[in-house]
Amino acid sequence: MTDNDALTDEIDRILTDLADESAAEPHDEAIRLVELIERQDRTQAEDLERLQAATHLLQSAVSVLQGANTVDDIIRAVCPGAAAIAICDEVVFTELDGPERTGIPEVFAHNGYTAFRVDIGGLPAGVIQVGSTPDDVVVDALLTFAGLVGAALECAALDRRHHRQRELLHTLWNLEDSAHTLVAPAPSPTPDTNSSIVLQPLTARERDVLALVLTGASNAAIAAGLVISVETVRSHVKRVLRKCGVANRTELIARFDAGTDTP
């Protein structure tokens, strides 16, 4: 029970005794009641002041976080942001990988530090360690900050992955903004033919899907990345396979791994 809870319980007891006329010294109890209510008002005012201060510090830290565009920028913003919220110079951010990622509480004490878990994609990915024992208000602010750090890192990682996939796509076909005609690798020479297979042009969305397929992404992963349904992904994949003249993903990946000629 907190001091404020104990204070509230004592005020309630005195009010009950005075209402029931069961107080041994009603006058003294009334005086004590006034003192307790004044103390409670001061405590609540101090709590509100701490909450407002923590909220302001959190907003400032989040503002810096929002200005970070890359994973490295976000990581560099973590320690200064947490230090400002906790009003503490000793802050360490540790990235997690491997078995130690499981079973980590949301907030816990560790070697004199108070640690806050950072999640990415529902899994612990890092820990912000603050070299102090913050009060409940600051703990709540740091938990919120840790959650926002995880969200920012996840968004930045997805953006970087999408950017790399687009670069791969442009490298493969030297894409321009206009419509393109893609040409698959020429078949092995035979007595009858020595011509290349001209593919039908892909739409912008089909090129996005193809780029993700070439990375080995599943239909579910493609759907999440492009924010479309899995059924829509299946339809796009079928059209891509047909336009590229292959029967399945394995053949498609093997063909482009072997090299693609562009007209």
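The values are calculated or read from the model by the stated rules, or taken from the named source; none is laboratory data. Predicted model only: the values in this text are computed from it and were never measured. Heads up, the Cβs are rebuilt from the backbone with ideal geometry, glycines too, and the neighbour counts pull from every protein chain shown. For the accessible areas, the whole protein counts, side chains as well, though only heavy atoms, and no ligand, DNA or RNA atoms are used. Shrake-Rupley method; radii C 1.70, N 1.55, O 1.52, S 1.80 Å.
Miscellaneous remarks
- Scanning region 186-195 turns up no residue that is β-branched (Val, Ile, Thr) and at pLDDT 85 or above.
- Every condition in (1) open to solvent by less than 70 Å² (accessible area, probe 1.4 Å); (2) outside any helix (DSSP H, G or I); (3) at pLDDT 85 or above holds for Ala23 except the one numbered (3).
- Filtered residues of region 115-165 (kept if open to solvent by less than 70 Å² (accessible area, probe 1.4 Å), among the charged types (D, E, K, R) and more than 16 Å from the chain's Cα centre (by Cα)): Asp135
- Unique residue being within 30 Å of Leu65 (Cα to Cα), surrounded by 16 or more Cβ atoms within 10 Å (Cβ to Cβ) and modelled with pLDDT of 50 or more when the list is Leu202, Leu252, Leu212: Leu212
- Residue in region 46-65 that is open to solvent by less than 60 Å² (accessible area, probe 1.4 Å) and either farther than 30 Å from Leu148 by Cα or assigned to a loop (DSSP other than H, G, I, E, B) (or both) present: no
- Per the listing Val34, Val62, Val78, Val71, the residue uniquely over 18 Å from Val139 (Cα atoms) and touching a residue at least 60 places away in the same chain (Cβ under 8 Å) is Val71.
- Residues that are open to solvent by 70 Å² or more (accessible area, probe 1.4 Å) and of a type in the set (A, V, I, L, M, F, W, C) were ranked within region 26-43; the one that is farthest from Asp3 (Cα to Cα) is Ile31.
- If you go through region 112-161 and keep only what is part of a loop (DSSP other than H, G, I, E, B), of a type in the set (Gly, Ala, Ser) and farther than 16 Å from Ile74 by Cβ, you end up with Gly112, Gly122, Gly131, Ser132.
- The listed residue being touching a helix residue (DSSP H, G or I) at 6+ places or on another chain (Cβ under 6 Å), surrounded by fewer than 15 Cβ atoms within 10 Å (Cβ to Cβ), at pLDDT below 85 and not aromatic (Phe, Trp, Tyr), out of Asn4, Asn69: Asn4
- Scope region 87-111; condition closer than 15 Å to Leu58 by Cα and either open to solvent by 20 Å² or more (accessible area, probe 1.4 Å) or part of a strand (DSSP E or B) (or both); matching residues: Ile87
- Residues that are of a type in the set (A, V, I, L, M) and surrounded by fewer than 17 Cβ atoms within 10 Å (Cβ to Cβ) were ranked within region 227-241; the one that is farthest from Arg161 (Cα to Cα) is Val230.
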